[in-house]
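Just below is one structure, and these are the notes that go with it.
The values are calculated or read from the model by the stated rules, or taken from the named source; none is laboratory data. These numbers were taken from a predicted model, which means no experiment stands behind them. Every residue, glycine as well, gets a Cβ built from its backbone with ideal geometry; the counts of neighbours run over all protein chains shown.
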Amino acid sequence: MTAPAAPGYSDPRHLLLVSAPPRLVAEATEAGFHVTLTDTTVFPDDDALREHLVRTARNHRVSGLIACGEASTLPAVLETAEQLGLSPNPAAAARLLADPSQIRGLLTRSGPQWEAVALPTATRDAPPYDIEYGVETLTAEGMHRVTGIVELRFTGPGPASAGPGPGPGALDAARRGAPLHTFPAPLTRQEEAEIRALATGLLDLAGYEFGYAYTRIAHTEQGPRIINSLTRQAKWPTSRLIELTTGLVPERELVRALSGKPLEAPVLVGCAAAVPLPDPHDVPDSITALPGVREVRDEHALLTALTPAELAVRTAAVLDCLA
């Protein structure tokens, strides 16, 4: 995601940010970095983007390149950063992590214990699942820190589900195909340790050295199975749930890692959920007035609570309003 110094003289405090959100620009500037910005959407093709990145990096003598969002998986960005020596991550690592078939090949080559946790790429061979875990990590110098594990539930939980939650069929009122997000994921200590080990172990196998990653893991009857891992921060609403309940500002943490400072340990101050809305353009006023509802935007209602039991009650109240 970012960079050691390129050959020759470079300014150790000058960064090239590609498709960076405004908060990252602000955090980097406040920390004393000089920032040059590039937006990948303004270039007609990959060749033009590559040429611009090379010219900009050399003219400004940048020492690092950070690609954000979708730009973090673009071959033109990844390969150019690697060519210029501006990324500790090989371009192949990001491509591999985003491709389930390549992940399965990597896990198969890594031994039986890893092959067993790969989700089959053929749909007919993949075990069914309606729960997925999203694991956000921030890596610095090859050390992976889990910032949060979010549960994404695509149906109402059955008798075997862990922890409180809306009753069976409760999610029918929510937007079809969109999951209910819950943070922290309702896992036992053993389950959480296993999920963490799978996510960080995959990053080790791929040679991922720096930056955010978001790893998806399916909950199946045969146990957890790795789906893929994207080399970027978790998307909204997952990222917002983690921020609301830990107080960690993701862009600030990334800049701390760039500065070589120790990363803050996430400390939970409650729990949160994001309920998908069937019609985001027609949200009942009764939802925004419910206890714990913090935000209603981007097709979700976000709510917080102090305990999982309280969160379950508040989530059920939102779902009742949608019924």
Residue, modelled with the lowest pLDDT, within segment 126-175, restricted to residues that are surrounded by fewer than 18 Cβ atoms within 10 Å (Cβ to Cβ) and among the β-branched types (Val, Ile, Thr): Thr155
Residue in segment 176-192 that is surrounded by fewer than 18 Cβ atoms within 10 Å (Cβ to Cβ), modelled with pLDDT under 80 and either among the polar types (S, T, N, Q) or under 23 Å from the mean Cα position of the chain (by Cα) (or both) present: yes
Tally of residues being outside any helix (DSSP H, G or I) and either basic (Lys, Arg) or modelled with pLDDT of 95 or more (or both) across segment 241-269: 1
Wholly within segment 1-115, helices (runs of 4 or more DSSP H) carrying at least 3 residues that are surrounded by 14 or more Cβ atoms within 10 Å (Cβ to Cβ): 22-30, 46-60, 75-83, 91-98, 100-109
Flag for Pro112 being over 23 Å from the mean Cα position of the chain (by Cα) and at pLDDT below 80: no
Among (1) of a type outside the set (S, T, N, Q); (2) in contact with a Ser or Thr (Cβ under 7 Å, 6 or more places away or on another chain); (3) surrounded by fewer than 23 Cβ atoms within 10 Å (Cβ to Cβ) - the single one Phe210 does not satisfy: (3)
Whichever residue in segment 285-323 is free of Cβ contacts under 8 Å to residues at least 60 places away in the same chain and among the polar types (S, T, N, Q) and, among such residues, is farthest from Glu151 (Cα to Cα): Ser286
Residue in segment 7-30 that is among the aromatic types (Phe, Trp, Tyr) and in contact with a helix residue (DSSP H, G or I) (Cβ under 8 Å, 6 or more places away or on another chain) present: no
Ala218 being aliphatic (A, V, I, L, M), farther than 26 Å from Ala301 by Cβ and touching a Lys or Arg at 6+ places or on another chain (Cβ under 9 Å): no
Residue within segment 81-89 that is under 28 Å from Ala118 (Cβ atoms), free of Cβ contacts under 8 Å to residues at least 60 places away in the same chain and not assigned by TED's automatic domain parsing to the domain that holds Gln233 present: yes
Residue within segment 35-58 that is among the small types (Gly, Ala, Ser) and outside the structural domain of Gly142 (by TED's automatic domain parsing) present: yes
Hey, Leu230 surrounded by 14 or more Cβ atoms within 10 Å (Cβ to Cβ), over 14 Å from Val135 (Cβ atoms) and either assigned by TED's automatic domain parsing to the domain that holds Thr108 or of a type in the set (Lys, Arg) (or both) or not: no
One residue from Arg216, Arg240 being basic (Lys, Arg) and surrounded by 21 or more Cβ atoms within 10 Å (Cβ to Cβ): Arg240
Number of the exception - Thr56 against (1) more than 20 Å from Arg95 (Cβ to Cβ); (2) out of contact with any strand residue (DSSP E or B) (no Cβ under 8 Å at 6 or more places or on another chain): (2)
Given (1) at pLDDT below 95; (2) under 21 Å from Pro127 (Cα atoms); (3) of a type outside the set (Gly, Ala, Ser), number of the condition Leu202 does not satisfy: (1)
